[in-house]
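Reviewing the structure listed below.
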Amino acid sequence: MRQLPLSDFHTSNGARFLELAGVSIPADYGDTKGEYHTLTTSAGLADLSHRGLLQLTGEDRIRFLNGQTTNDVASLQPGSTVYTAFVNAKGKMRADGNILAFPNRLWIDVETGCGEALAADLEKFIIADDVQVENLTAHFVRLTVIGPNAPQVIQHLGLEVPLEADSFVEAASEKFGGLVMLRSSLGADLFVEIFCGAEHARSFAAALDQAAKKTGGRWMGWLALEMRRVELGIPRFGADMDENTLPPEAGIESRAVSYTKGCYIGQEVISRIKSVGRVNRHLAGLKFSGNQAGIPPGSRLTQDSVEVGCVTSCVKIPGKGWIGLGYVKRGVSSDSQGLKGNGFEATIL
């Protein structure tokens, strides 16, 4: 099992660990509810170095990647980012991620465990193209600040948060070397991710820790992040999306798919779905009752004894109880009654 570069640092701060796609990551720091509260009211710090990071260089990188992914890479300006999906010829997802456009290279930020497989897939399509694919996952630590006080935390470090959403800046620091600072959103939350060279990881993490404490912030683990993600209805590849998922089923087409960019692998299928105007199932928010121990992913949903869907994620939110995400068949809506599972009932939010 792979360890994060800052594993010892997190241990010294009271972290308890879990395994995610072969990587040991902080589950929490002893107070999941408190970490969730800090995330929503102040500033939570998280280590996302377990995510994959690929780099594309070469003169043909933009044209090549534009033909591999659902969103428009060709229109990206340096310093901008876009969320996208990678699909196969049948329109089924291989991965999703964020593309960062630098003047002379592209970065692809993907879910944990997806980097190597996606790099291999991309390599297979490079024929006479001037494109080089490199896995940079081990070269950087990625520390994230989420919450309303995120700008103050960054400013305490003597740095400035990018002003525009879905944008990033490169910054040089005497203490921490070259940094890449990305501003995006986790639903309604301000989300600032900082890429720092692995050689400066511990000193940067310690400085970020001190800056966060000045604004009431704290470290948070994967469990608090998942609580907030599910609460905001954001699907995650590996949980709510996999190799059998069409992007429109997961509800990500509005931010991940361009219908004007031109040809890419799987375009015909995705365009056909748009022209038909529907899919046979869709991802929905769910509210659970009747079970006090949580609903295992994969649990079936039935209506009048007929299977109509399944649960993909489930979390317990303070004050809200058990909620989750899951797929339901077309025709099952928020007005539908009587969704049941093994020992629980569900309502579509």
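Consider segment 186-210. How many of its residues are assigned to a helix (DSSP H, G or I), open to solvent by less than 10 Å² (accessible area, probe 1.4 Å) and more than 19 Å from Gly14 (Cβ to Cβ)? I'd like the intermediate steps shown before the answer.
Looking only at segment 186-210, we keep the residues that are assigned to a helix (DSSP H, G or I), and these are 198-210.
Applying the additional criterion that residues be open to solvent by less than 10 Å² (accessible area, probe 1.4 Å) yields 201, 204-205, 208.
Cutting the leftovers down to more than 19 Å from Gly14 (Cβ to Cβ) gives us 204.
Residues that pass the stated criteria total 1.
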message: Of everything in segment 120-150, what is open to solvent by less than 30 Å² (accessible area, probe 1.4 Å) and closer than 18 Å to Phe204 by Cα? Give them in sequence order.
response: Thr137, Val141, Arg142, Leu143, Thr144, Val145, Ile146, Ala150
query: When you go through (1) surrounded by fewer than 18 Cβ atoms within 10 Å (Cβ to Cβ); (2) of a type in the set (A, V, I, L, M, F, W, C); (3) closer than 15 Å to Met93 by Cα one by one for Leu232, which number turns out not to apply?
result: (3)
field: Enumeration of residues in segment 167-185 that are in a loop (DSSP other than H, G, I, E, B) and touching a helix residue (DSSP H, G or I) at 6+ places or on another chain (Cβ under 7 Å)
entry: Lys175, Phe176
Qualifying positions in segment 24-50 - within 20 Å of the chain's Cα centre (by Cα), under 23 Å from Cys196 (Cα atoms) and not polar (S, T, N, Q): Ile25, Pro26, Ala27, Asp28, Leu39, Ala43, Gly44, Leu45, Ala46, Asp47, Leu48, His50
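How many of the residues in segment 73-101 are more than 19 Å from the chain's Cα centre (by Cα) and open to solvent by 10 Å² or more (accessible area, probe 1.4 Å)? Steps first, please.
First pass over segment 73-101, keeping only residues more than 19 Å from the chain's Cα centre (by Cα): 74-79, 88-91.
Applying the additional criterion that residues be open to solvent by 10 Å² or more (accessible area, probe 1.4 Å) yields 74-79, 88-90.
The total comes to 9.
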- line: The correct count of residues that are under 16 Å from Cys263 (Cβ atoms) and touching a strand residue (DSSP E or B) at 6+ places or on another chain (Cβ under 9 Å) in segment 68-94 is 12
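Test Glu123 against the stated conditions and say whether it is under 22 Å from the mean Cα position of the chain (by Cα), over 27 Å from Ala172 (Cα atoms) and among the acidic types (Asp, Glu). It would help to see each step written out before you state the result.
Working: under 22 Å from the mean Cα position of the chain (by Cα): no; over 27 Å from Ala172 (Cα atoms): yes; among the acidic types (Asp, Glu): yes.
No; evaluated as a whole, the condition is false for this residue.
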query: Which residues, taken from segment 240-255, are part of a helix (DSSP H, G or I) and touching a helix residue (DSSP H, G or I) at 6+ places or on another chain (Cβ under 6 Å)?
result: Pro247, Pro248, Glu253
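Filter segment 292-307 down to residues that are part of a loop (DSSP other than H, G, I, E, B) and either farther than 14 Å from Gly326 by Cβ or among the β-branched types (Val, Ile, Thr) (or both) and give me whichever is least open to solvent (accessible area, probe 1.4 Å).
So the first thing to find is which residues in segment 292-307 are part of a loop (DSSP other than H, G, I, E, B), and the list is 292-299, 304-305.
When the remaining residues are screened for being either farther than 14 Å from Gly326 by Cβ or among the β-branched types (Val, Ile, Thr) (or both), the result is 292-293, 295, 304-305.
Working: Gln292: 146, Ala293: 87, Ile295: 9, Asp304: 137, Ser305: 115 Å².
Of everything passing the filter in segment 292-307, Ile295 is least open to solvent (accessible area, probe 1.4 Å).
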field: Single condition Gly319 does not satisfy, out of (1) surrounded by fewer than 17 Cβ atoms within 10 Å (Cβ to Cβ); (2) part of a strand (DSSP E or B)
entry: (2)
field: Test: residue in segment 151-166 that is free of Cβ contacts under 8 Å to residues at least 40 places away in the same chain, surrounded by 14 or more Cβ atoms within 10 Å (Cβ to Cβ) and in contact with a helix residue (DSSP H, G or I) (Cβ under 7 Å, 6 or more places away or on another chain)
entry: yes
query: Could we say that Ile265 is within 30 Å of Leu65 (Cβ to Cβ), assigned to a loop (DSSP other than H, G, I, E, B) and either among the small types (Gly, Ala, Ser) or at pLDDT 95 or above (or both) here?
result: yes
message: surrounded by fewer than 17 Cβ atoms within 10 Å (Cβ to Cβ) and of a type in the set (Asp, Glu): which single residue out of Glu111, Glu116 fits that description?
response: Glu116
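The values are calculated or read from the model by the stated rules, or taken from the named source; none is laboratory data. These numbers come from a predicted model, not from an experiment. Every residue, glycine among them, receives a Cβ derived from its backbone with ideal geometry; neighbour counts consider all protein chains shown. What goes into the accessible areas is simple: the full protein's heavy atoms, side chains included, and nothing from ligands, DNA or RNA. Shrake-Rupley method; radii C 1.70, N 1.55, O 1.52, S 1.80 Å.
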